[in-house]
Amino acid sequence: MVKKIIQITLLLLLIFSVFLTYLSIYGISTDKFNNLISKKISERDKNLVIKLNDIKIFLNINNLNFELKTNDPKVYFKNKEIKIKSISSDIPLRNIFSEKINLEEIKILTHKNRIQNLIEVVRAHKNNPQLFILNKVIKDGFIEIESKISFKEDGSIKSNYLVDGKIENLKIELLNNNVIKNINLSFLIRENDYLVYNLSSVYKSVKIKSNKIKIIKKRDSYNFEGDISNQKGKIDLNEFSTFLNDYVKNIFKEELTIYSNNKFSFKLNKKIKFSDINIQSKITLSELQYSNEIFKRFFPGYKEDIKFENNSITVDYNNGDYQVSGKSKININGDIDNGNYSLKKIKKDFFYNFDFELINSAMNFKILNYTKNKNDKSSLKIKGKYSVSKNINLEEIKFIHDKNLIDIQNIKINKNKKIKSIDNIRVSVFNNNDKLSKLDIKKDKENYLINSQIFDGTKLVDEILFSKDEGSFFDLFDNLNSSILIKIDTAYLSNEDYLTSLNTNLIIKNNKIFDLNLLSKFPN
């Protein structure tokens, strides 16, 4: 008898275990809760119509709750279908047989849906200017969502909701008609806290990606923080011409190979205005170039431009102002040297600083009859300022080669790359004739004073009086109108002939010699 009782008990336990296992894996179907779930979801919006298939009941063994789940329900909003993969909810075991059951939480898993359709649903629930603009700019794309929503007793949504999902093939048309396409991303949404991750996109042939973008909703704004980078590739700058001023266009080629890694933060208020913009960037850039006819006078065989290759650049941007520092290879006529540079923008002014180590490049200062040959180590430093509405101001140009020095202070250059004025020039070089030339030029109001103890003016005389191939020396200037007073103790006119006590007053009008008074001695 006892043995039979044990056998029956074990059999019942086995049947019960099998039942629980079946219930937890396969569940049982019922339509008892169809109206309850449909009403719960649609009671907040009359435009939302839900038709549920049979609901399956599963047992969650871990917490002894029942999970109610229905697959592929039909959901319509204003006659547009929202494709739902499943809707489910947990119900405590003690309430499963109650006449009145309140759903505390609902989980919704969707198929891929057109984003425009879901925006309409969200706008019906809570409309604002941001959603209105979003609806205008989004032209195409699909979204897939997994959400968990908790309800209060009055049916309103609790603040602890969670929405996880991904977007594919999103296409956005910005207010300036520019299009960003092939946007793919994943997202996680909590109340006042949004996360976008694994983002990739293409904008004007530029492939973009981001590991993480975090958005925090404040009372009057949204705070953005994250990273963005572009894959190494070629960029056609003609597609970005509306964003670049003329000065920048002169520096960059029409096509660039660029890689960048950027961190950023900014605020966006409810009127779609940006503030507190901060960006830190690491950029690898194939080539920059700058062209100026004046370089022909200093670099033998100069062709079209000076190239800055293999640029490694750091950018720190803060609310419109920024600082750029970098290093690169300087390519002049195929001769490559090293260079460092920095650029700082404050309001409308640009401050720049270049430091070049010139070994492989030759330099020729023709009017000084002085040449720095290839493979001779030298340095060139350039410091200055550029204003969009004004001139280029070269605050300092300093060239050092062995014991030779050329130091130029405050050269003002207009937009046509012509010299407007020079404050001071100091020269101390041993020229190609092995003669020492020392010169000091100072600006006095609109005029110039030139003093020298000894100066080899062989090439200077040819340059000023007889140059034909490259035009007049004064063509470098922007309509020069000045009186030039020259005092030189010893001035060489050739290897043999020289002057002493040279005292000259030169009057220049419209870049031409108008009058010249010369007083000197010819000792030999």
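The values are calculated or read from the model by the stated rules, or taken from the named source; none is laboratory data. Keep in mind that this is a model prediction, so the values were computed, not measured. Don't worry about glycine lacking a Cβ; one is built from the backbone with ideal geometry, like all the others, and counts go over all protein chains shown. Note: accessible area is taken over every heavy atom of the protein model, side chains too, but ligands, DNA and RNA are not part of it. Shrake-Rupley method; radii C 1.70, N 1.55, O 1.52, S 1.80 Å.
Which lysines have a Cα less than 18 Å from the Cα of Lys403, not counting those fewer than 8 places away in the same chain?
Straight-distance partners of Lys403: Lys372, Lys374, Lys377, Lys381, Lys435, Lys438.
Could you tell me which of the pairs Lys83/Lys166; Lys296/Lys417; Lys303/Lys383; Lys212/Lys267; Lys181/Lys345 are separated by over 22 angstrom between their Cα atoms in the structure shown?
Lys303/Lys383; Lys181/Lys345
Ignoring ligands and nucleic acids, what accessible area does Val137 show with a 1.4 Å probe (Å², nearest 10)?
Counting only protein heavy atoms, the figure is 20 Å².
Which trypsin sites (Lys or Arg not before Pro) in region 296-385 pass both tests, a DSSP loop state and at most 10 other beta-carbon atoms within 10 Å?
Here the trypsin sites (Lys or Arg not before Pro) that fit, given the DSSP loop and packing criteria, are Lys347.
Among the DSSP beta bridges whose two residues both lie in region 140-217, what percent are antiparallel, rounded to the nearest 5? Mind dumping the intermediate values first?
Working: 35 of 35 bridges.
Here the share of antiparallel DSSP bridges comes out near 100 percent.
Taking 25 Å as the cut-off for C-alpha to C-alpha distance, list the pairs among Lys263/Lys412; Lys234/Lys329; Lys385/Lys509 that go past it.
Beyond 25 Å between Cα atoms: Lys263/Lys412; Lys385/Lys509.
Among Tyr352, Tyr197, what's the order by accessible area (1.4 angstrom probe), most exposed first?
Putting Tyr352, Tyr197 in descending order of accessible area: Tyr197, Tyr352.
Top to bottom by accessible area (1.4 Å), largest first, where do Tyr76, Tyr222 land?
Tyr76, Tyr222
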